[in-house]
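The values are calculated or read from the model by the stated rules, or taken from the named source; none is laboratory data. All values derive from a computational prediction rather than experimental measurement. Here the Cβ positions follow ideal geometry from the backbone for every residue, glycine too, while neighbour counts run over all protein chains shown.
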Amino acid sequence: MLTDELRAEVARLKAERDAVVLAHYYVPPEVQELADHVGDSFALARLAATLPASTLVFAGVRFMAESAKLLSPNKTVLMPDPTADCPMAHMVRRETVETARERYGDDLAVACYVNSTAEVKSWSDVCVTSSNAVKIVRALPQRNVLFVPDRHLGRFVAEQVSEKNVILNDGFCPIHQDISAAEVADLKAAHPGAPVLAHPECGPEALALADFAGSTSQIVDAAAAGDASDYIILTVDGVRGELERRCAGTGKRFHFPATRPVCPDMARITVERLAGCLREGAGEVGLPPAGVAEAARRTLERMLELGAR
Ligand code: 13P
Ligand code: SF4
């Protein structure tokens, strides 16, 4: 629970450690309240590469903290709960990448969703996030693109970039994939005319019912710019806080699936764990072995070059 004492302690510890707290929109609202920066994966990666603080506390899942460490190897990167991990980050086999490389040779690029381990990134040519995947895949010189690990984001990209042969892997986000078309149809019936704004990690049946698909920031931007009063939101419930902050005073209402999509790994980041990690300097994220770190860093740097919004 976020008390005034905890709030004051976190502020003091941040100053003592020269630390900034970066939080993803999916962590609990009270953690977002304590953060210096809240954003989507792309915005947070870009910040991690440029912030002057010597310590970054990453309120999110492991691949986010790991990317921050790869981009700023001299900084101390801490995780309030180092066990918070995205299951999709592991859903690709090296064999899949090697088979595609053998088949297509130089005319293949491996595009890796940032929701991946450093090792998976090190097998790849470029990273993407949900906010820039279409733009980056379109800009690649190769015609064949193996997209890992997320099959749903990969399929969404393939539909937008029809000039490329996008080869899909079979990874998925269990939370987004579980949002059913029936639930979306119920929401549409309850809120007729409300635009449906979806994350592209949703399955094809739910996504087919969406009016707009984009990253969490892009969903918030679309709701803020729209002139409707009600919006159906197909992503993790944590984004509600940012929707309400950005649309404050407009009377806009946001409707999420009744099953309330929550990412259990993001939910592991509590205010108590955030304070504990600042107090003890615990949960430090290290660099992977040198060869892996260099190759993985290159994919992130290439994304930052190609994906600047
Ligand atoms: P964003 O790219 O919108 O930050 O989403 C990250 C994520 O983990 C989605 O499940
Ligand atoms: Fe991974 Fe899905 Fe959680 Fe995002 S919402 S961190 S993709 S499990």
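Scoring Leu56 on the criteria (1) under 10 Å from Val285 (Cβ atoms); (2) without any contact (Cβ under 8 Å) to a residue 40 or more places away in the chain; (3) within 12 Å of the chain's Cα centre (by Cα) leaves a single failure, condition (3). Just one of the listed residues (Glu98, Glu33) is assigned to a helix (DSSP H, G or I), touching a Gly at 6+ places or on another chain (Cβ under 9 Å), modelled with pLDDT of 95 or more and charged (D, E, K, R), namely Glu33.
For the stretch 115-132, the candidate set comprises residues that are of a type in the set (D, E, K, R) and closer than 24 Å to Ala84 by Cβ; within that set, the residue that is surrounded by the fewest Cβ atoms within 10 Å (Cβ to Cβ) is Glu119.
For the stretch 255-309, the tally of residues that are within 30 Å of Ala206 (Cβ to Cβ) and over 19 Å from the mean Cα position of the chain (by Cα) stands at 4. Checking each residue in the stretch 178-220 for being aliphatic (A, V, I, L, M), more than 21 Å from Glu242 (Cα to Cα) and within 16 Å of ligand 2 (Cβ to nearest atom) picks out Ala206, Leu207. Selection of first residues in the stretch 283-309 that are touching a residue at least 60 places away in the same chain (Cβ under 8 Å) and buried (at least 19 other Cβ atoms within 10 Å of the Cβ) and of second residues that are assigned to a helix (DSSP H, G or I) and among the β-branched types (Val, Ile, Thr), restricted to Cβ pairs under 7 Å at least 6 apart or on distinct chains, gives the following pairs, ordered by first then second residue: Met303/Ile136; Gly307/Ile136. Among the residues making up the stretch 257-287, none is closer than 14 Å to Ala65 by Cα and of a type in the set (Lys, Arg). Quick check: is even one residue across the stretch 84-95 farther than 18 Å from Thr129 by Cα, within 16 Å of ligand 2 (Cβ to nearest atom) and either part of a loop (DSSP other than H, G, I, E, B) or among the aromatic types (Phe, Trp, Tyr) (or both)? Yes, the conditions are met somewhere in the stretch 84-95. Here Pro200 fulfils each of the conditions (1) farther than 21 Å from Asp40 by Cα; (2) within 16 Å of ligand 1 (Cβ to nearest atom); (3) assigned to a loop (DSSP other than H, G, I, E, B); (4) of a type outside the set (Ser, Thr, Tyr) apart from (1). Pairing each residue of the stretch 165-193 that is free of Cβ contacts under 8 Å to residues at least 60 places away in the same chain and surrounded by 13 or more Cβ atoms within 10 Å (Cβ to Cβ) with any residue that is in a helix (DSSP H, G or I) and among the charged types (D, E, K, R), provided the two are 6+ apart or on different chains, yields C-beta distances under 7 Å for Leu168/Arg151; Leu168/Arg155; Ala181/Glu205. Between a first residue in the stretch 9-34 that is without any contact (Cβ under 8 Å) to a residue 12 or more places away in the chain and within 22 Å of Thr50 (Cα to Cα) and a second residue that is within 16 Å of ligand 1 (Cβ to nearest atom) and β-branched (Val, Ile, Thr), which pairs have beta carbons less than 7 Å apart while being 6 or more apart in sequence or on different chains? Going by the 7 Å Cβ cut-off, there are no qualifying pairs.
For the stretch 133-155, the candidate set comprises residues that are surrounded by fewer than 22 Cβ atoms within 10 Å (Cβ to Cβ) and touching a residue at least 40 places away in the same chain (Cβ under 8 Å); within that set, the residue that is nearest to ligand 2 (Cβ to nearest atom) is Arg155. Whether a residue is away from ligand 2 (no atom under 15 Å from the Cβ) and crowded, with 24+ Cβ neighbours inside 10 Å was assessed, and Val61 does not pass this test. As a summary of the residue check, Glu66 satisfies the conditions (1) over 15 Å from the mean Cα position of the chain (by Cα); (2) within 16 Å of ligand 1 (Cβ to nearest atom); (3) closer than 21 Å to Cys263 by Cβ; (4) not hydrophobic (A, V, I, L, M, F, W, C) except for the one numbered (1). Screening Leu13 with (1) modelled with pLDDT under 95; (2) away from ligand 1 (no atom under 16 Å from the Cβ); (3) closer than 22 Å to Gly276 by Cβ gives one miss only, at (1). With respect to the conditions (1) surrounded by fewer than 22 Cβ atoms within 10 Å (Cβ to Cβ); (2) more than 14 Å from ligand 2 (Cβ to nearest atom); (3) under 11 Å from Ile269 (Cβ atoms), Val21 lacks only one, and its number is (1).
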